[in-house]
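Step one of this worksheet: look at the structure below.
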Amino acid sequence: ALVVSRRQKTLLKDLTSEERKEMMDLVEAYQELWLDLPQNKDKSIHFSVYVNDGVIAGQTVPHCHIHVVPIESE
């Protein structure tokens, strides 16, 4: 999943602290929804949550966003 800022800003530092908080709240809400899915109830699932913040860091889209990737243990 991607959590994207409402205002088109390139970097995290370009957002207000409230906007960053709202984005992290959405990350948490997504994680809770994913874990609450019936097919995931008895699984061990963790998440990679990351931001490529700037071109040198691997950012390819000039819009601040957070990646949320569920990872299921075998």
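The values are calculated or read from the model by the stated rules, or taken from the named source; none is laboratory data. The structure presented is a predicted model; accordingly, all values stated were derived computationally and were not measured. Surface areas here come from the heavy atoms of the whole protein model, side chains and all, with no ligands, DNA or RNA. Shrake-Rupley method; radii C 1.70, N 1.55, O 1.52, S 1.80 Å.
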With all protein chains present and a 1.4 Å probe, how do Tyr30, Tyr50 order by accessible area, largest first?
Tyr50, Tyr30
What is the percent carbon and sulfur in the accessible area of the chain, measuring with a 1.4 Å probe over the protein chains and ignoring ligands?
56 percent
Listed values (1) 0.94; (2) 1.16; (3) 1.04, entry calculated as Rg/Rh (Cα atoms, Kirkwood Rh):
(3)
Give the angle, between 0 and 90 degrees and rounded to the nearest 10, that separates the Cα long axis of helix 17-36 from the longest principal axis of the Cα atoms of the chain.
20 degrees
In whole Hz, with x marking every Gly and Pro, tabulate ³J(HN,Hα) for segment 54-69 from phi via Karplus 6.51 cos²θ - 1.76 cosθ + 1.60, θ = phi - 60°.
x, 4, 5, 7, x, 5, 10, 10, x, 9, 4, 8, 10, 8, 10, 10
Can you give the helix-only mean residue ellipticity at 222 nm for the chain, where every DSSP H stretch with n ≥ 4 adds -39500 (n - 2.57) and the sum goes over all residues, rounded to the nearest 500 deg cm²/dmol?
-9500 deg cm²/dmol
So what is the accessible area of the chain per residue, in Å², with the probe set to 1.4 Å?
72 Å²
